[in-house]
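The values are calculated or read from the model by the stated rules, or taken from the named source; none is laboratory data. Fair warning: this is a prediction, and the values are worked out from it, not measured in the lab. Positions of Cβ are backbone-derived with ideal geometry, glycine not excepted, and every protein chain shown enters the neighbour counts.
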Amino acid sequence: MNITVIGAQWGDEGKGKIVDYLAKDADLIVRFSGGANAGHTIVHGNVTYKLHLIPSGILYPGKKVILGTGMVIDPEALFTELKTLEEQGVPWEGRVFVSGRAHIVLPSYKKKDIEIDKKRKRPIGTTGRGIGVTYSKKSMRDGLRLVDLFNPDKMSLMEEADRKFLEGFLVRLKPMLVDVTAYIQHNRPSRMLLEGAQGVLLDLDLGTYPYVSSGYSAAAGAALGAGIGPRTIDGILGVFKAYSTRVGNGPFPTEFIQERDGKLEHLIREIGHEYGVTTGRPRRCGYLDLVALKYACFSNGIDGLVLTHLDVYDTMTSLNACVAYSIDGEETTDFPMGLPELERAQPVLKEFVGWHEPITQVAHFDNLPQAAKDYIAFIEDYTGTKITIVSVGSDRNQTILRREPWTKY
Ligand code: IMP
């Protein structure tokens, strides 16, 4: 039984917490996309772990994790992250593996990434982690894979400075290198978790292009990015927040605007701690966008939704969600493919009664306030997809399970 976990919005939906939660019962966790642009926060009691490259399953003792083929890996960032984990008391040696087919982010790529974005008339707002440059090199067939580090021919063609930089990591990287496809073929893990990064709307093909990242964060990227066949995957979970956020530039139809929404953006940002884990940038905040969520559900074949940050609405007496877009006076519930249409789209909002009470200690779905259950039921009905997990706080135990995740969907 293998499950893919993806972000169903613009990233930062709480995938880290959900992968950590599900990892308890997984034999192997493989991250399939992105690089150190991602930021996954996991809270255990009063300890907060911030992961960028390492799969979120690492916090369970003994679990093996793989940085998959679809990832782009900055060796410096990797070992910095491993050192921080070690300092936080998480042993990792013998548990963290890296696909030899994954591509390497060189220091010059990070600089280039920032330079290119600065020169754009309409910058994307990259995290500056060299992601776009590395994926472009890969597509151009000029990239450098981890396995190439042990190929003297390839290394001899490299610039002196890059070769020296990489040589500093060879001894530490060698025991971590794995042919992930062969590993899975030989070890036949009975429960594998495929962890995505970013979200559907930042996917290179399905997202709000060109305001996207350069990897495949959609569910379809999981098979390639882990090096397995698509039919090996039995279930796809899409994680989304009770509202929406976006970091960086690009269209965001439900973004809060002061004239209409007053201080809501500020309020949600502070209650939800909506600041980027990687860059510290304040996240743009907005209403839950059901048009976009329905698009994410269909285009990814999401079997079950995971609703996070529901507790952020605890103090509100009412809340809204977007149920259609109005574009030049015409209403639609289809997510537009054109940038100008997305930029002109006005959200058609539906108001919901708030529950106006704390839900952070609720452990069973039946004990949620009726107003919260109504909000959930509406989302399920609109998207045609069941909400299988509800998260009401950042800790592992603030998770309401509505369906056994490791069973066929
Ligand atoms: P890049 O992948 O760093 O080039 O960034 C491209 C766009 O994706 C920018 O708008 C970033 O803010 C956004 N982005 C990249 N990674 C994440 C993430 O993990 N969460 C949210 N936004 C992200």
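In the set A161, A197, only one residue is outside any loop (DSSP other than H, G, I, E, B) and of a type in the set (A, V, I, L, M); that residue is A161. The residues in segment 13-27 that are among the aliphatic types (A, V, I, L, M), under 19 Å from A223 (Cβ atoms) and more than 14 Å from the ligand (Cβ to nearest atom) can be counted, and the count is 2.
For segment 164-182, the tally of residues that are touching a helix residue (DSSP H, G or I) at 6+ places or on another chain (Cβ under 7 Å), within 16 Å of M71 (Cα to Cα) and not in a helix (DSSP H, G or I) stands at 1. Among all positions in segment 364-381, there is no residue which is in contact with a Ser or Thr (Cβ under 6 Å, 6 or more places away or on another chain), assigned to a loop (DSSP other than H, G, I, E, B) and of a type in the set (A, V, I, L, M). Against the test of being more than 10 Å from the ligand (Cβ to nearest atom), in the same structural domain as V72 (by TED's automatic domain parsing), within 23 Å of P336 (Cβ to Cβ) and at pLDDT 95 or above, the options A223, A218 yield a single qualifying residue, A218. Taking the listed residues V43, V30, the one that is part of a strand (DSSP E or B), modelled with pLDDT under 95 and away from the ligand (no atom under 14 Å from the Cβ) is V43, with no other qualifying.
Are any residues in segment 327-362 of a type in the set (A, V, I, L, M) and surrounded by 13 or more Cβ atoms within 10 Å (Cβ to Cβ), and if so, which ones? Please lay out each step first, then the result.
The initial filter retains those residues of segment 327-362 that are of a type in the set (A, V, I, L, M), namely 327, 337, 339, 342, 345, 348-349, 353, 359, 362.
The answer is I327, L339, L342, A345, V348, L349, V353, I359, V362.
Working carefully through the options W10, W92, find the one that is under 25 Å from G301 (Cα atoms), assigned by TED's automatic domain parsing to the domain that holds G221 and either part of a loop (DSSP other than H, G, I, E, B) or more than 16 Å from the ligand (Cβ to nearest atom) (or both).
That would be W10, the only listed residue that is under 25 Å from G301 (Cα atoms), assigned by TED's automatic domain parsing to the domain that holds G221 and either part of a loop (DSSP other than H, G, I, E, B) or more than 16 Å from the ligand (Cβ to nearest atom) (or both).
Against the conditions (1) surrounded by fewer than 23 Cβ atoms within 10 Å (Cβ to Cβ); (2) without any contact (Cβ under 8 Å) to a residue 40 or more places away in the chain, D203 satisfies every one except (1).
Return the residue satisfying two criteria in turn: it lies in segment 179-198 and is over 21 Å from H103 (Cβ atoms) and buried (at least 20 other Cβ atoms within 10 Å of the Cβ), and of such residues it is nearest to the ligand (Cβ to nearest atom). Don't jump to the end; show me each part of the working.
The first filter runs over segment 179-198 and keeps only residues over 21 Å from H103 (Cβ atoms), leaving 185-193.
Of the ones still in play, those that are also buried (at least 20 other Cβ atoms within 10 Å of the Cβ) are 192-193.
Working: M192: 22, L193: 18 Å.
Result: L193.
Name the one entry in T245, T232, T308 that is within 16 Å of the ligand (Cβ to nearest atom) and either more than 21 Å from G338 (Cα to Cα) or not assigned by TED's automatic domain parsing to the domain that holds G393 (or both). Working first, answer last.
Details: T245 fails: either more than 21 Å from G338 (Cα to Cα) or not assigned by TED's automatic domain parsing to the domain that holds G393 (or both); T232 fails: within 16 Å of the ligand (Cβ to nearest atom).
After ruling out the rest, the residue left standing is T308.
Within segment 95-122, the set of residues being part of a helix (DSSP H, G or I) and in contact (Cβ under 8 Å) with a residue 24 or more places away in the chain comprises P107, S108, Y109, K110. The residues listed here are L204, L166, L144, L149; of these, the one that is among the aliphatic types (A, V, I, L, M), more than 18 Å from P75 (Cβ to Cβ) and modelled with pLDDT of 95 or more is L204.
Would you confirm whether any residue within segment 341-357 is under 23 Å from the mean Cα position of the chain (by Cα), more than 26 Å from Y21 (Cα to Cα) and not assigned by TED's automatic domain parsing to the domain that holds L59?
Pass one, segment 341-357, residues under 23 Å from the mean Cα position of the chain (by Cα): 342.
Of the ones still in play, those that are also more than 26 Å from Y21 (Cα to Cα) are 342.
Going one step further and asking which of them are not assigned by TED's automatic domain parsing to the domain that holds L59, we end up with 342.
Taking every residue of segment 341-357 in turn, at least one turns out to be under 23 Å from the mean Cα position of the chain (by Cα), more than 26 Å from Y21 (Cα to Cα) and not assigned by TED's automatic domain parsing to the domain that holds L59.
Pairing each residue of segment 123-143 that is closer than 17 Å to A38 by Cβ with any residue that is more than 9 Å from the ligand (Cβ to nearest atom) and among the acidic types (D, E), provided the two are 6+ apart or on different chains, yields C-beta distances under 7 Å for R129/D74; G130/D74. Being in a strand (DSSP E or B) and touching a helix residue (DSSP H, G or I) at 6+ places or on another chain (Cβ under 6 Å), is that true of even one residue in segment 333-347? There is no residue in segment 333-347 that is in a strand (DSSP E or B) and touching a helix residue (DSSP H, G or I) at 6+ places or on another chain (Cβ under 6 Å).
Can you tell me which residue within segment 123-139, out of those that are assigned to a loop (DSSP other than H, G, I, E, B) and β-branched (V, I, T), is surrounded by the fewest Cβ atoms within 10 Å (Cβ to Cβ)?
Taking segment 123-139 first, the residues assigned to a loop (DSSP other than H, G, I, E, B) are 123-130.
The next check asks that each one be β-branched (V, I, T); those that pass are 124, 126-127.
Numbers: I124: 18, T126: 23, T127: 25.
Going through the qualifying residues, I end up with I124.
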